[in-house]
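Reviewing the structure listed below.
The values are calculated or read from the model by the stated rules, or taken from the named source; none is laboratory data. From a predicted model like this one, the values you see are computed outputs, not experimental measurements. FYI the Cβ positions are ideal-geometry reconstructions off the backbone, even for glycines, and counts take in every protein chain you see. Ligands, DNA and RNA are excluded from the accessible area calculation, which covers all protein heavy atoms including side chains. Shrake-Rupley method; radii C 1.70, N 1.55, O 1.52, S 1.80 Å.
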Amino acid sequence: MTRKEFLRLGAAAAAGTALAGCPRAARRPAPAASSGRTAVTVQIHDLRLRQSWGLSRGTWTTRRNAFVRIERDGVAGLGEAAPIARYDETAESAAAFIDKARPVLDRDLHEYALRLAEIEAVAPGEHAAKAALDMAVLDWVGKRLGVPLWKLLGLAGSKEVQTTYSIGIDTVEAMQRKVLEAPDFGVYKIKVGTPDDRKIIEGIRAVTGKPLRTDANEGWKTKEEALEMIDWMAGQGVELVEQPLPADRLGDYAWLKERVRIPVFGDESLIEPADLPRIAPYFHGVNVKLMKCGGVQEAVRLAAMARTLGLGLMIGCMIETSLAVSAGAAVAQLFDYADLDGNLLISNDPFRGVRTVKGRLVLNDRPGLGVEGELP
Ligand code: MG
C-alpha cells in the first residue's frame, strides 16, 4: 500500500465510509470496552526555561506548548505539542488542529494505529499537534489496559538509556558553568554554529573530558567550513555532529559524507517518514523527534525504516515537559543515541514521569505514558 493509499484509507475511515460497505462490521456491536464520546480539553501553557536557550537561529527564555487531555469511560489520556516555528507551527495552530481532529477521537481508541492514519488525514503539517494526539491516545489505551507504553509496544521497562544533556549557546563562561552544574551526565550535546565555535569547544574541554556531541542547527555557511570544523572537533573528542549545513543542501552533505572522520546526523533535514528515503544517502544517521514526525507510532516506524536504510539513530526532543519526554523515553531503546533532556531545561514542569538518574532515563511501571500530573 502506498502512503497515499494509506492516507486515503485513513480519510475514508475518518469520514465513516470505510465501514459503509461492510454489513458484518456494521452489525457488530460497539466494543463494550470503549463507548460514548471522548471529552477533549486543549490548553496552551508558557514554559519557563531555567536558563536562556540559545541555538544558532535564536535565543529563548520561554516556550509556548499546547497540551491535550482526552477522557472517555473514566480514563484520561494526556498529550503535548511543542510546536516548531521552523515548520510554521505555533501553540495556537496546534490547538486549532486538535480541535479539528475531535471527531476521530470519538471512534474506538483501542485501534490506535487506525486512529493515527485518520488524524494524519485531517490536514497536512501540524506534526507537533499530531504527536500530542498520538501520545494522548496511547496514554489512554495504556491506562485502559493497565499497561505501560513500553510494554504495549513490546519493549523492556528495565532498559535504561543514556541521554545527552544539552548546552545552549551562551558566553563560553556560561556554557562552562552549565556543564559543571550537570555533572551526572556522561555525555554533553553542545550547541554550536557560531563564529566562536572553537572557543566554545575549547572552553568546554577545559572543564570536562567527557565525550561531546555537537549540533550546529544549520549554522555553518559552506561545506569547506563545515569539513574544517568537523575535522577539528573530531580531534577534540566530539563523537558526532548534527546538521552542520542548511537542511536542503543535500549535494554539500554528499561531499561532506565522503570526507568526514566522524558521523554527520541529519535533524532539520528529516521531518516525517516520507523524507527518509530521499535524505538517507547523505547522512550517517538521523535525529528523530516525536514533534517532527508526528508521535510515538511514527517514530517507531521511522526507526525501522532508518535501520533498513543502514542509518544510525538518535531520538531527540524539543523543549518539552516530562509528559512528552516520557513518551520519547518509552521507545528510546530502539535508538542508538538519546537526547531527551527537554524537561530538565524547564523550571515549571507540571508533570512527573521518566526520571533521569545519573544521566540515564529510568522508566516506570505506571500505565500509559507513566506520567503523573494534570494539565497546567
Ligand atoms: Mg538538532
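Worth pointing out:
- Chain lengthening between ALA234 and LEU180 when straightened (0.36 nm per residue, less Cα-Cα): 17.2 nm
- Per-residue surface analysis assigns THR41 an accessible area of about 60 Å², computed on protein heavy atoms at 1.4 Å probe radius.
- Cα-based convex hull volume of the range 127-266 per residue, rounded to whole Å³: 154 Å³
- Solvent-accessible area of PHE351 with every protein chain in place, 1.4 Å probe, in Å² to the nearest 10: 10 Å²
- Ordered by solvent-accessible area of protein heavy atoms (1.4 Å probe), largest first, the residues GLU126, GLU228, GLU372 come out as GLU228, GLU372, GLU126.
- For the range 161-362, the pair-distance distribution built from all alpha carbon pairs, in bins 5 Å wide starting at 0, is 1, 8, 17, 20, 20, 17, 11, 5, 1, 0 percent.
- Volume of the convex hull of the range 137-176 (Cα atoms only), normalised per residue: 118 Å³.
- Listed pairs LYS159/LYS223; LYS100/LYS358; LYS159/LYS199; LYS159/LYS191; LYS189/LYS223 exceeding 31 Å between Cα atoms: LYS159/LYS223; LYS100/LYS358; LYS159/LYS199
- For PRO244, neighbours were defined as the other residues whose beta-carbon sits under 15 Å from its Cβ, and their charges (Lys and Arg +1, Asp and Glu -1) total -3.
- Accessible surface, 1.4 Å probe, highest first, among residues ASP139, ASP275: ASP275, ASP139
- Considering only alpha-carbon pairs that sit under 8 angstrom and 6 or more positions apart, the relative contact order computed for the chain is 18 percent.
- Taking only the alpha carbons of the range 88-139, we obtain Rg and Dmax values of 10.2, 31 Å in that order.
- Degrees between helix 197-207 axis and first principal axis of the chain (Cα, 0 to 90, nearest 10): 90 degrees
- Solvent-accessible surface (1.4 angstrom probe) belonging to LYS289, in square angstrom, nearest 10: 20 Å²
- Percentage, to the nearest whole number, of Cα pairs in the chain over 29 Å apart: 41 percent
- Estimated FRET transfer efficiency when R0 is 25 angstrom, pair ALA85-GLU224 (beta carbons, to 0.05): 0.25
- Contour excess over end-to-end distance, with Cα ends at ASN348 and ALA96 and 0.36 nm allotted per residue: 88.3 nm
- For the range 178-219, the alpha-carbon coordinates run over 29, 17, 15 Å along the three principal axes, in decreasing order.
- A Förster radius of 45 Å combined with the Cβ-Cβ distance from ALA274 to GLU71 puts the calculated FRET efficiency at roughly 0.85.
- Between THR62 and ARG259, the C-beta separation translates, for a Förster distance of 41 Å, into a calculated FRET efficiency of about 0.55.
- Summed residue charge, Cβ within 15 Å of VAL161's Cβ, Lys/Arg positive, Asp/Glu negative: +1
- Ranked from largest to smallest solvent-accessible area, with a 1.4 Å probe on the protein heavy atoms, LYS292, LYS223 come out as LYS223, LYS292.
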